[in-house]
Amino acid sequence: MSTFQAPKGTYDLIPPDSARFLAVREAISAPLKRSGYGYIETPGFENVELFARGVGESTDIVTKEMYAFETKGGDRLALRPEGTASVLRAALEANLHKAGNLPVKLWYSGSYYRYERPQKGRYRHFSQVGAEAIGAEDPALDAELIVLADDAYRSLGLREFRILLNSLGDKECRPVYRAALQEFLRGLDLDEDTLRRAEINPLRVLDDKREAVQKQLADAPLLRDYLCDACKAYHEEVRALLTAQGVAYEDDPRLVRGLDYYTRTTFEFVHDGLGSQSAVGGGGRYDGLSEMIGGPALPSVGWALGVDRTVLALEAEGVTLELPAATSVFAVPLGEEARRVLFAKVTELRRAGIAADFSFGSKGLKGAMKNANRSGARFTLVVGERDLAEGVAQLKDMESGEQGPVRLDDILTTLQERLA
Ligand code: AMP
């Protein structure tokens, strides 16, 4: 071990486990790629104001969890705590919304940073794959995103997750509800912090995890009873479309989520095998966000799924992903000349698209075969001096144990056939 360790709340992704992370990222993004979403990458840090305005001044994410700092040049920046504000900022900056092709559909994958109290499933550096559909108000778009996330999880073999669905209303009906909720909260026995939150962002109080608070909230007014006709109709259409695609969901009239910018459709994917950090992903509609960060009105919807927690969910369900072996062929040279010849063969195989590895360093046959075994390769190629003289290599099928000579010139075609 070195003098240094990974910082608190972080961990390293190392082989072989890292392969599962890649597979999860791939599985989550695959449905997006075949649904018109283009890949976007934005910087790991942004102007701190973008998050203050875009995520919300009263959210824990901004007030407590943001890695904000001043650069030597005096700029106030923050490591990104989430993806939506950055992606929308980038889309506006590049004028993607003016190209006449709305909605602009984008997907991303990357690292996010929150100064949280670390525990299993909650880290200070974590990884998300996300999707945003910018500039269209259409219940089918909300439904599309939920269906794609559901497809992604199912393709991974996950079954024990649930989709919680709610509508947060819009700028017509939410203020009315907000006032009613505030009125209700003022009559409760709450600590000072919570009362303050009730004044700034009363909906967030519904999200309070403490039992003493939840008990008092039993009779709290519900937003669904305050939705305007337009929001009600919109939500009904989202629900009907999901049902028609065979996607099961649960209505959760108390679902609010931790970010300020959501309007109308709000959803969360929760996994029942994860304990307290059960949210594997979430998202919703954010019709007002563009204007909040200085853009034009662009109703939009998106989600972000946590890669770390999705991997934990796979573990919780005991799902093992079918990962292709990293190496198909492992080459073992015995002697200097064999080393040169076989190294060239490995290069040839690799250039032809066959995953091949080589026994490096001066190991004996036994040590080299151990490496071959560990590599998971289906075939090994062994070349000794006598083989060289005869122009052959010994090809061994590691599954059946069968072994026999193959002419050096025929190695590529033989392996192409046998691996097909
Ligand atoms: P949020 O933006 O908070 O809704 O986060 C979306 C998803 O990102 C969550 O459902 C989690 O899967 C993941 N996530 C958020 N915060 C963390 C964290 N601190 N550690 C690990 N995953 C996280």
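The values are calculated or read from the model by the stated rules, or taken from the named source; none is laboratory data. The structure presented is a predicted model; accordingly, all values stated were derived computationally and were not measured. Here the Cβ is made from the backbone with ideal geometry for all residues, glycine too, and neighbour counts use every protein chain on show. In case anyone asks, the SASA skips ligands and DNA or RNA and just uses the protein heavy atoms, side chains included. Shrake-Rupley method; radii C 1.70, N 1.55, O 1.52, S 1.80 Å.
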Kirkwood Rh for region 295-420 from C-alpha pairs, in Å, is 16.9 Å
Using the Karplus equation 6.51 cos²θ - 1.76 cosθ + 1.60 (θ = phi - 60°), what ³J(HN,Hα) coupling, rounded to whole Hz, does each residue of region 318-326 give in order, writing x for Gly and Pro? x, 7, 9, 6, 7, 9, x, 4, 5
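PHE21 to ALA136: FRET efficiency via 1/(1 + (r/R0)^6), r the Cβ-Cβ distance, R0 22 Å, to the nearest 0.05?
0.10
Using only the alpha carbon atoms of the chain, find the Kirkwood hydrodynamic radius as the inverse mean reciprocal pair distance, in angstroms to one decimal. Each step should come with its number before you reach the end.
Details: mean 1/r = 0.0404 Å⁻¹.
By the Kirkwood definition, the hydrodynamic radius is 24.8 Å.
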Log entry: pair-distance distribution for region 1-78, C-alpha pairs binned every 5 Å from zero, whole % per bin is 3, 11, 12, 13, 15, 19, 17, 8, 2, 0
Rounded to the nearest 0.05, what FRET efficiency do ALA316 and ALA30 have when you use their Cβ-Cβ distance and R0 = 30 Å? 0.85
List the trypsin sites (Lys or Arg not before Pro) within region 128-197 that fall in a DSSP loop (any state other than H, G, I, E or B) and whose Cβ has at most 14 other Cβ atoms within 10 Å. ARG159, LYS171
Cα centroid separation, region 121-162 to region 195-221 (Å): 27 Å
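How much length would be gained if the chain were fully extended between TYR115 and TYR11, taking 0.36 nm per residue of separation minus their Cα-Cα distance, in nm to one decimal?
Working: separation 104, 0.36 × 104 = 37.44 nm, distance 1.44 nm.
Value of the extension gain: 36.0 nm.
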On the accessible surface of region 329-419, probed at 1.4 Å with all protein chains in place, carbon and sulfur together account for a percent value of 47 percent
Over the Cα atoms of region 213-336 the radius of gyration and the largest Cα-Cα distance (Dmax), both in Å, equal 21.9, 81
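What does DSSP give for the chain in terms of the percent of beta bridges that are antiparallel, rounded to the nearest 5? Don't skip to the answer; put the middle values down first.
On the way: 51 of 63 bridges.
The antiparallel proportion sits near 80 percent.
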How large is the helix-only mean residue ellipticity at 222 nm for the chain, computed as the sum of -39500 (n - 2.57) over DSSP H runs with n ≥ 4, divided by its residue count, in deg cm²/dmol to the nearest 500? -11000 deg cm²/dmol
Taking only protein heavy atoms and a 1.4 Å probe, what accessible area per residue, in Å², does the chain have with all protein chains in place? 49 Å²
Share of antiparallel DSSP beta bridges in region 20-138, in percent to the nearest 5? 90 percent
What is the list of residues in region 7-23 whose amide nitrogen lies under 19 Å from a point 7 angstrom out from the Cα of ARG374, following Cα to Cβ? 13-20
Please work out how much accessible surface SER400 shows to a 1.4 Å probe, ignoring ligands, DNA and RNA, in Å² rounded to 10. 70 Å²
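Taking 35 Å as R0, compute the FRET efficiency from the Cβ-Cβ separation of PHE4 and LEU419 and round it to 0.05.
Details: r = 42 Å, r/R0 = 1.19.
Efficiency for this residue pair is about 0.25.
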Which length gain, in nm to one decimal place, applies between ALA325 and ASP75 when the Cα-Cα distance is subtracted from 0.36 nm times their residue separation? 85.3 nm
Multiply the residue separation of LEU188 and SER362 by 0.36 nm, subtract the distance between their alpha-carbon atoms, and state the gained length in nm to one decimal. 55.1 nm
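Do any of LYS171/LYS209; LYS363/LYS396; LYS8/LYS105 go past 25 Å between their Cα atoms, and which?
Numbers: LYS171/LYS209 27 Å; LYS363/LYS396 19 Å; LYS8/LYS105 35 Å.
In this structure, LYS171/LYS209; LYS8/LYS105 exceed 25 Å between Cα atoms.
Ignoring any ligand, DNA or RNA, what whole percent of the accessible area of region 1-126 comes from carbon and sulfur when the probe is 1.4 angstrom? Please list the in-between numbers first.
Numbers: 3720 of 7020 Å².
Here it works out to 53 percent.
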So how exposed is MET369, as accessible area in Å² (1.4 Å probe, rounded to 10)? 40 Å²
Could you list, by residue number, the cysteines of the chain that have no other cysteine's beta carbon within less than 4.7 Å of their beta carbon? CYS231
Once amide hydrogens are built 1.01 Å from N within the peptide plane, the residues lying 5 or more places from PHE330 or on another chain with amide H under 5 Å from its amide H are ASP357, PHE379, THR380, LEU381
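May I ask you to list the chymotrypsin sites (Phe, Trp or Tyr not before Pro) in region 317-420 that are in a DSSP loop and have at most 11 other Cβ atoms within 10 Å of their Cβ?
Values: sites: PHE330, PHE343, PHE358, PHE360, PHE379; in loops: PHE360.
In loop regions of region 317-420 (DSSP not H, G, I, E or B), the sparsely surrounded chymotrypsin sites (Phe, Trp or Tyr not before Pro) are PHE360.
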